[in-house]
1. How many residues are part of a loop (DSSP other than H, G, I, E, B) and of a type outside the set (Gly, Ala, Ser) when one looks only at segment 99-138?
2. Kindly establish whether ALA400 is in a loop (DSSP other than H, G, I, E, B), open to solvent by less than 40 Å² (accessible area, probe 1.4 Å) and either modelled with pLDDT of 70 or more or within 30 Å of THR577 (Cα to Cα) (or both).
3. Inspect segment 316-339 for any residue being surrounded by fewer than 20 Cβ atoms within 10 Å (Cβ to Cβ), closer than 30 Å to ALA453 by Cα, of a type in the set (S, T, N, Q) and modelled with pLDDT under 80 and give the result as yes or no.
4. Which of the residues spanning segment 276-288 are buried (at least 16 other Cβ atoms within 10 Å of the Cβ), at pLDDT 85 or above and either of a type in the set (Ser, Thr, Tyr) or closer than 28 Å to ALA453 by Cβ (or both)?
5. Which number in (1) modelled with pLDDT of 70 or more; (2) surrounded by 11 or more Cβ atoms within 10 Å (Cβ to Cβ) marks the one condition that VAL385 misses?
6. Scan segment 429-477 for residues that are of a type in the set (D, E, K, R), in a loop (DSSP other than H, G, I, E, B), open to solvent by 80 Å² or more (accessible area, probe 1.4 Å) and at pLDDT 80 or above and report the count.
7. Which condition number does ALA594 fail, the rest of (1) at pLDDT 80 or above; (2) not in a loop (DSSP other than H, G, I, E, B) being met?
8. Identify, by number, the condition in (1) modelled with pLDDT under 80; (2) of a type outside the set (A, V, I, L, M, F, W, C); (3) under 30 Å from ASP480 (Cβ atoms); (4) under 32 Å from the mean Cα position of the chain (by Cα) that PRO515 doesn't meet.
Amino acid sequence: MKRSLMLALAGLVLLAPSALAGPGEVTAVSVLPGPGRVHVIIDIRGSVSVQDFTLQNPARLVIDVLGARLNAHGVMYDGQNRGGIQNIRYAQFRPDVVRIVLELESLKDYELEYADDAVRITLGSDRSFTAWSSSAPAQYAAPEEPEVFAPARGNPVVVPPVLQSQQATVTASFDSATIADVMAGFAELSGKSIVLGKDIEGYVTANIRNQPWDVAFQVILEAQGLDAVEDPPGIIRVDSRAALLARDSTEPLETRIIPINYARAASLVEVVSSIVTQGRGRVMADTGTNTLIITDIRSRIGDDLEFVAQLDVPTPQVSIQAKLIFVNRTDVEELGVKYDIGSPTQFFNTLVARPDPRTSQPVDTDGDGVPDAVAPTDFFDPVEVPSVVDLGGNTLSLLANAEATIIAPALDLIFSTALGNFSVTAFVSALQRVELADLQAEPLLSTADNTEAYILVGERTPVRVLDPSAQSEAALATVDYVETGIKLRVTPHVTNNRQILMQVHAENSSIQAAPSDIGFTFQTQEAQVQLMVEDGQTAVIAGLTVTAVTVSKSGIPFLVDLPIIGGLFGFTQRSETRRDLLILVTPHIIDNPAAAEEAQ
C-alpha cells in the first residue's frame, strides 16, 4: 500500500470539487455564524440543480438538490438553536433528489446562492452560536469561505469554515499516511510536543488548503474519533475521548473565585456548570459578594475562566417611550311624538293634566271677598283613570306599547289645537348627543438588555370571590386584587447590528359593575407583538377601530313604518359608539447610562 506525507506552509493546489467526474452528490451540510446572519452551506459535487420552498405549521424551509445522491456522513443534528434554526434533516428523498429540511422558529426572508461546489442559504440572525457540520463537530466559529477536507479512505467533503486563527497556515496532502506520521508533521510545524496515546492507529487521506494548522489539526482528530488536550508548557496529548476522560478523573482539582462585575453571579451558575468537567467540576455563586466559585480539573480551569470573562460584559440599556391613545366617541339621536286628546270633562288619556270636577270649590274671581264661581282644586290621578287610549308615543296603552322615554331632551315642542269639543295636544321630543373621550398615556421607562420592564398606571380593585363548594351553610369568600388601568410590558434585546428586538404587551382595562348578580365585568383593549426596529425608530404596534351601531324603534304598528311620516307615530333611537386604539413605541439604545443622565 502506498503511503506518503507532504506538509508545507504553501504551494499545493487542489482540484475544485466540481471538476471531479461522476454524478452530482451532496457531501455535507453545515451551519455557520456570520455578522447579523446565519449561513447554511450545502456542499455539492458535480452538476445539479436546486429548488426551494417554504412550509408552515411548523415553519420549514425545504431545499431539493435535483440530480444528486447523498454522500454525506450520517451525523444527526445536535438540536441546538442556531440563529432560529431548530433542526436540520437531510435524506435521499428520491433516487435523484436529496432533500434538506430546515426547521425554523418562524418563517423569515432568506437568500439562496448556488455556486459550482456549494449552495449557500443566508437568513437574518441576532444570536451568536458555534458552527455545526455533518462531517465534523464544530469547535470554532466560522469565517467566510469553506475549505476541502477528506477523511481517511473516503471521498473529499467540505468541512465548516472556522474562525480565522492567528497560527501559521498550512497546505498539505496526506495519502494513507499513518496517524503517527501526521502528528509528527504537525509537531514540526507548530513547534509543540505532541504525544500520541498508546494503541492509537489509523490512516489519514486528506487535502488541506491554506488553513491555520490548529484548525486542520483539530478537524483531522475529529475525523479519526480522537481528541487532544494541551498541558502547559506546549505539550499536546492526543488520545481517544474515553482515555482523556479517564485522565480527567485522576487530575487534581483547582478552585478559583471570580468576581462578577456586570451580571448576577447566580444567573451564570447554570450556563457555566454546562462546560465544567462532568462529575468533578462544580460551580457555586456567592450572592453577598457577587462572585462565582469554580472548581475544576487543572487543565480545564483556564478555559472556564475565559468562558466566564466572555459572559461578564456590560450590556446596553434601552429607553422605551410609548404612546397609548384611546378615543371613545358616542353619537346618539332620539325622536319621539306622543298625543293627548280630551276635553275638561271627557278624555281618553292623561298626558295633559286635567282638573277633577269632583274637587270643585267656590272661588272668588273678582277679589271682593264673595265667592262668585266654582273651580276644581285638584287634578285627576292618572293611576285611577280606568281607561287610557293614546294615539302614539311613549305610554301607548290599548293601542300600542311605545314606552320609551327621551331622557333630558334637547328639544321639547308642544302643539295644541281644538277638534270640536276636544283639544288635541302633541308633544315632540328630540335629542342629539355627541360624547368624545380622548385618553392618551405616554409612559417612559428604561431597562437593561434582555430584561423586562413593566409599568402600571391604574388601580388594584379588590374583588370578592365566593366558594360555593364550601361545606358550611355560608359560602366561603376570598378577596382577589385585579389590576386595571394602563399597563405596558416591554422586553428589549439589542442585536449585533444595533437593532432592537422587542416583545411588547400593552393593555388598557377598566372595571364596571355587571348588570346581573355576577359582580363585575372588565373591559380590556390589549395588544401583544414581537417586532424589530432601528434605534430611535417609532413603530406602530396596534391600530384598532371598533364601531357599534344600535337602532331601536317603537310605536303604533304599521304606522310607525310609514316612510317620512312614520316618525309621527312612535319613538326612534339611533346610537353609534366608536372606539379607537393606537399604540406607538420608540426605543433608544443607551450605551453609557451615566453620560446620558449628565446630558439630561
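The values are calculated or read from the model by the stated rules, or taken from the named source; none is laboratory data. Bear in mind the structure is a predicted one, so any value in this text is a computation, not a measurement. Neighbour counts run over all protein chains shown; Cβ positions are idealised from the backbone, glycine included. Ligands, DNA and RNA are stripped out before the accessible areas are found, and what is left, the full protein with its side chains, is counted by its heavy atoms. Shrake-Rupley method; radii C 1.70, N 1.55, O 1.52, S 1.80 Å.
1. Residues meeting the conditions: 11.
2. On the way: in a loop (DSSP other than H, G, I, E, B): yes; open to solvent by less than 40 Å² (accessible area, probe 1.4 Å): yes; either modelled with pLDDT of 70 or more or within 30 Å of THR577 (Cα to Cα) (or both): yes.
Yes, satisfied.
3. No; the residues of segment 316-339 include none that is surrounded by fewer than 20 Cβ atoms within 10 Å (Cβ to Cβ), closer than 30 Å to ALA453 by Cα, of a type in the set (S, T, N, Q) and modelled with pLDDT under 80.
4. Hit for segment 276-288 is ALA285, nothing else.
5. Among (1) modelled with pLDDT of 70 or more; (2) surrounded by 11 or more Cβ atoms within 10 Å (Cβ to Cβ), VAL385 violates only (1).
6. Number satisfying all stated conditions: 2.
7. The number of the failed condition is (1).
8. Every condition holds for PRO515 apart from (4).
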